[in-house]
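Working notes, beginning with the structure itself.
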Amino acid sequence: QLQLVESGGGLVQPGGSLRLSCAASEITLDYYSIGWFRQAPGKERERVSCISSRDGKTYYADYADSVKGRFTISRDNAKNTVYLQMNSLKPEDTGVYYCAAVRNRLCVFPYDYWGQGTQVTVSS
């Protein structure tokens with residue numbers, strides 16, 4: 001099974017930045033779309049961003065409207081890692097961030113593998 005481990009969360013002031021990492025257990029990222037999701041207390045989990053590759057190159061990437069222009073997703077296949085650079089953070093970005101993998105290149109459900117989550121708190 002593919003295993004995913006998130007890291008990089010923490011507490012940051014509004015307007016600050018964080019970089020989240022999603023490390024995969026095997027060098028098969030070209031088979032998967034990797035999505036970032038977040039869930040705030042009392043709210044539904046939402047997809048923040050997703051990325052896929054083909055022949056080692058980025059094939060597809062998208063972002064939720066709420067984070068466009070502020071967040072950037074990228075991948076380093078050599079390190080089996082997907083990153084989410086989060087800039088201009090807002091309090092409403094607070095939540096547990098998860099990465100997940102699905103075996104297609106179009107970032108569609110169902111996601112088969114999930115990380116444990118990393119907490120992001122945006123507060124003054």
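The requirement of being open to solvent by 40 Å² or more (accessible area, probe 1.4 Å), over 19 Å from Q119 (Cα atoms), among the β-branched types (V, I, T) and touching a residue at least 12 places away in the same chain (Cβ under 8 Å) is not satisfied by T72. Only one of the listed residues (V48, V5) is over 15 Å from V67 (Cβ atoms) and at pLDDT 95 or above. That residue is V5. Restricting attention to the range 1-17 and to residues that are within 18 Å of the chain's Cα centre (by Cα) and open to solvent by 30 Å² or more (accessible area, probe 1.4 Å), the residue that is nearest to T121 (Cα to Cα) turns out to be L11. With the structure loaded, tell me whether S88 is open to solvent by 40 Å² or more (accessible area, probe 1.4 Å), small (G, A, S) and in contact (Cβ under 8 Å) with a residue 60 or more places away in the chain or whether it fails that test. Criteria met by S88. Each residue in the range 91-124 was checked for being loosely packed, with under 13 Cβ neighbours inside 10 Å, modelled with pLDDT of 95 or more and farther than 21 Å from S33 by Cβ, and 4 of them qualify.
Scan the range 37-63 for residues that are in a strand (DSSP E or B) and exposed (fewer than 12 other Cβ atoms within 10 Å of the Cβ) and the total you get is 2.
When the range 64-81 is filtered for residues that are farther than 17 Å from S17 by Cα and in a strand (DSSP E or B), the ones remaining, listed by number, are R75, D76, T81.
The values are calculated or read from the model by the stated rules, or taken from the named source; none is laboratory data. None of these values were measured; they are calculated from a predicted model. Here Cβ is always computed from backbone atoms with ideal geometry, including for glycine, and neighbour counts include all displayed protein chains. In case anyone asks, the SASA skips ligands and DNA or RNA and just uses the protein heavy atoms, side chains included. Shrake-Rupley method; radii C 1.70, N 1.55, O 1.52, S 1.80 Å.
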